[in-house]
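A.B. asks: Right, I'll just put the structure down here and ask away after.
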Amino acid sequence: MTQKEKNSLVITGIAGLLGALGVGIGEWLMQFTEAGKMDEETYNYFLDVKVANLSLGHFLCVLTGPLYFLGYVHLGKAIDRSKGWLGKILTGLGIYSFGVGIAWIGGRVYLGLGRKAVEVGEASPELFKALADHNEPFIGVLRISILLISILWVYGILKGKSHYPKWMALLSPILLLVSIFVLYAMAPSVGKYILPAAMNVAHFILFGVSVLYCSRLPVTRDE
């Protein structure tokens, strides 16, 4: 790896880290409540979220979300030293996943505002349900894509195709995500502060550790 390649690897990783941070803060603002419950059938938790938080969180998510694309460019380069099919597929899946993810998170503000409007009789429950029905499927697509990415992640590391040591396989996005849900189930008083931005917390850890490791990779002389 040349110094130029290493610099590119680190810079794209930092971009992904900033994306996870920005979207994470935004999603937390839109979804966190002291009650710590996120009922996706009634969406009643939105009644406890301030309109200002919904608005600020919305803009943070949408404006920083595309940085995830660069983050997956970083992961694709790091997972495949040979620059072959594995890295390209992982990068492509990551960009697709978070393209869908941005569509999902971009719609949360309308669900939040819509739920508040229904509560005071300013919007029909039928309209709100239609909004929810057009938003929720995206998160399912994102989760399935993240599972596929995680399979490729573990495969690349355990097969020795990546720049990473084998312990990095434990940082697969799906395993980190499941760990956050387990933490919430076992210690809800702590987990409630992490759960609203679980996907972003998982990626913040992944990008952060990856950038730290890649910044220490040896380099060869630039040609």
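The values are calculated or read from the model by the stated rules, or taken from the named source; none is laboratory data. Remember, it's a predicted structure, so these values are computed and weren't measured experimentally. In this analysis, Cβ positions are derived from the backbone assuming ideal geometry, glycine residues included, and neighbour counts consider all displayed protein chains. All accessible areas refer to the heavy atoms of the entire protein, side chains included, with ligands and DNA or RNA removed. Shrake-Rupley method; radii C 1.70, N 1.55, O 1.52, S 1.80 Å.
A.B. asks: Filter the trypsin sites (Lys or Arg not before Pro) in region 1-94 down to the DSSP loop ones having no more than 14 other Cβ atoms within 10 Å, then list what survives.
C.D. replies: Details: sites: 4, 6, 37, 50, 77, 81, 83, 88; in loops: 37, 50, 81, 83.
Passing both the DSSP loop test and the Cβ count: 37, 50, 83.
A.B. asks: Residue 166: which lysines have alpha carbons under 27 Å from its alpha carbon, excluding same-chain residues fewer than 8 sequence positions away?
C.D. replies: Result set, ordered by chain and number: 4, 6, 77, 83, 88.
A.B. asks: Given a 1.4 Å probe and heavy atoms of the protein chains only, how would you sort 115, 216, 143, largest accessible area at the top?
C.D. replies: 216, 143, 115
A.B. asks: Let me ask something additional. Might you work out the accessible area of residue 122 for me, using a 1.4 Å probe with all protein chains in place, and round it to the nearest 10 Å²?
C.D. replies: About 150 Å², rounded to the nearest 10.
A.B. asks: Cross-link candidates for residue 192: which lysines have Cα within less than 18 Å, leaving aside residues fewer than 8 places away along the same chain?
C.D. replies: Excluding near neighbours in sequence, the set is 37, 50.
A.B. asks: Name all residues of region 51-94 having a backbone nitrogen under 14 Å from the label point set 7 Å from the Cα of residue 120 along its Cα→Cβ direction, giving them as ranges.
C.D. replies: From region 51-94, the list is 51-52.
A.B. asks: Is the C-alpha gyration tensor of the chain telling us rounded, prolate or oblate? Criteria: a/c under 1.5 is rounded; beyond that, a/b larger than b/c is prolate, otherwise oblate.
C.D. replies: Prolate is the answer for the chain, as a/c is 1.5 or above and a/b outweighs b/c.
A.B. asks: Could you work out how far the C-alpha centroid of region 43-72 sits from that of region 142-182, in angstrom?
C.D. replies: Answer, in whole Å: 25.
A.B. asks: If the cut-off is 12 Å between C-alpha atoms, which aspartates and glutamates fall inside it for residue 159, apart from same-chain ones fewer than 8 positions away?
C.D. replies: Straight-distance partners of residue 159: 80.
A.B. asks: Placing unit charges on C-beta atoms (Lys and Arg positive, Asp and Glu negative, everything else neutral), compute the dipole magnitude of the chain about its Cα centre in debye, rounded to 20. Numbers along the way, then the final one.
C.D. replies: Details: 19 positive and 15 negative charges, 228 e Å.
Dipole of the chain, to the nearest 20 debye: 1100 debye.
A.B. asks: Quick one: how many Å² of residue 142 are accessible to a 1.4 Å probe, rounded to 10?
C.D. replies: Rounded to the nearest 10, the figure is 10 Å².
A.B. asks: Can you tell me how region 129-196 classifies by the Cα gyration tensor, rounded, prolate or oblate, using a/c under 1.5 as the rounded cut?
C.D. replies: Oblate, since a/c reaches 1.5 and b/c is not below a/b.
A.B. asks: Taking the chain as the reference, fit the longest principal axis to its C-alpha atoms, fit the long axis of helix 85-106 to the helix C-alpha atoms, and give the angle between the two in degrees, 0 to 90, nearest 10.
C.D. replies: The angle comes out near 20 degrees.
A.B. asks: Report the relative contact order of the chain, percent, no decimals, based on alpha-carbon pairs under 8 angstrom and at least 6 residues apart.
C.D. replies: Working: 321 pairs, mean separation 67.1, N = 223.
Reported as a whole number, the value is 30 percent.
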